[in-house]
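Let me begin by presenting the structure, written as structure tokens, before commenting on it.
Every number in this text was worked out from the coordinates using simple rules, so none of it is lab data. From a predicted model like this one, the values you see are computed outputs, not experimental measurements. Here the Cβ positions follow ideal geometry from the backbone for every residue, glycine too, while neighbour counts run over all protein chains shown.
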Amino acid sequence: MALSYNGLWKLLIDKGMKKMDLKELIGISPSTLARMGKNEPVSLSVLERICAALHCNIGDIVDYVPEPAPDESAAR
């Protein structure tokens, strides 16, 4: 997993919102919301709209989580 939207989900909880409220507020498709639920990338314009609607920064809603390095001993 390279991305995490846990910050967004926590922010929604703090604001008393559900994912469907966010979908309706910024006009994203159900598939975009599903991609975010699976920690998959979405367009920067979607992230910008979320930040504008929730009055936050991108770093508040998405984090980069590096993939673990492959175990070199397994390759031998």
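Below is a table of values for the structure above.
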read-out: Label-to-label distance, nm, for residues given as SER29 and VAL65 (7 Å Cα→Cβ offset); value: 2.6 nm
read-out: Mean Cα-pair separation over length for the range 3-66, i.e. relative contact order, pairs under 8 Å, 6 or more apart, %; value: 55 percent
read-out: Only Lys, Arg (+1) and Asp, Glu (-1) charged, at Cβ; the chain dipole about Cα centre in debye; value: 300 debye
read-out: Value of [θ]222 nm, deg cm²/dmol, for the chain, DSSP H segments ≥ 4, -39500 (n - 2.57) each, nearest 500; value: -15000 deg cm²/dmol
read-out: Principal axis box of the chain, alpha-carbon based, largest edge first, Å; value: 52, 22, 20
read-out: Residue among PRO41, ILE26, VAL65 farthest towards the positive dipole end of the chain, charges placed on Cβ; value: ILE26
read-out: Label zone at ASN57 (point 7 Å along Cα-to-Cβ), backbone N below 19 Å, the range 1-41; value: 4-12
